[in-house]
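A.B. asks: Just dropping this structure here.
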Ligand SMILES: Cc1ncc(COP(=O)(O)O)c(C=O)c1O
């Protein structure tokens, strides 16, 4: 029986050009990207090229891209990184407290001793507040639920009949304790696209961080982190014809995130651990293929008359995933 694979939101096959780009880094170019000798320099340069390609896909600077193990890690890093520093229960968090949390941990111990019970948050009203939606992927929903157990307060916005949140609901949910809004770009089951530009504009001049899980949209929709006004964005290679187990987190310059993993100085200490060079090269190549596709689509759209464009969009939607299919 000839089986047809239609579950491209679950994962995509690795594009042949991506595999070709990766193979040398699984064979002869095996150096550790942190080694200072020639073997290491070769892989370091491949990692930095991939960083540039991923940055170009979303309109970011290479220095704002941190490679991770995938969408789940990127989401967790963004959410816990933005909020956990603000909780008065850092002892509940994995890993040693950073300098900034040490003081509050000390305070918490005193308070716990005085009250005889575990202090969860400074007070219900000053607990950091997060806004998300009920349709997020579990990587976001379960991270938010864990934040609630650690003392944060979370609002889960419903979606309307069109699968999008109401901007009025969002505006009404924002309060002075709101520190993070995390709203996915494209839903993995519905395919609905949230109006990130409007959300980004709503919080652009505030100190509320705006994170989006763009795992399902990166490479499939044009993304510009500046016009969306996002501070944090998660993506994953295996959803855009790259390999599994590698992704990226965009962290806007000057965004203060608590360290999530503790270890060596890789990726400026933001994400310690020896880089998965072949995976990162694969993600970079997948990002490059997607960028080229968007550029070609942009040139074609430029050549079309407005009437032809309207007819094409009505028939096909904004981008044809058929163009993405790897050659067999
Ligand atoms: C919207 C969304 N976010 C996050 C993830 C998790 O990504 P990963 O599989 O790379 O951990 C997925 C995967 O299905 C997803 O669809």
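Nothing in this text is a laboratory measurement; each read-out follows from the coordinates by a stated rule. Everything numeric in this text was worked out from a predicted model, so none of it was measured. Because the Cβ atoms are built from the backbone with ideal geometry, glycine has one as well, and the counts that use them run over all protein chains shown.
A.B. asks: Using 7 Å Cα-to-Cβ label points, what is the residue 36/residue 190 separation (nm, one decimal)?
C.D. replies: In this crude spin-label approximation the distance works out to 5.4 nm.
A.B. asks: Quickly work out the residue 293-to-residue 160 label distance, labels modelled 7 Å from Cα along the C-beta direction, and quote it in nm with one decimal.
C.D. replies: 3.0
A.B. asks: On a full-extension model of 0.36 nm per residue, what is the gain between residue 172 and residue 7, subtracting their alpha-carbon distance, rounded to one decimal in nm?
C.D. replies: Once the chain is fully extended between residue 172 and residue 7, it gains 55.7 nm.
A.B. asks: Could you line up 54, 159, 18 from fewest to most neighbouring Cβ atoms inside 10 Å?
C.D. replies: Least crowded to most crowded, the residues run 159, 18, 54.
A.B. asks: Okay, next question. First measure r as the distance between the Cβ atoms of residue 198 and residue 254, then evaluate 1/(1 + (r/R0)^6) with R0 = 22 Å and state the FRET efficiency to the nearest 0.05.
C.D. replies: 0.40
A.B. asks: Within a 10 angstrom radius of the beta carbon, how do 193, 225 rank from fewest other beta carbons to most?
C.D. replies: Listed from fewest to most nearby Cβ atoms, that is 193, 225.
A.B. asks: Still on this structure, I have one more. Taking the number of other C-beta atoms within 10 Å as the exposure measure, put 156, 5 in order starting with the fewest.
C.D. replies: 5, 156
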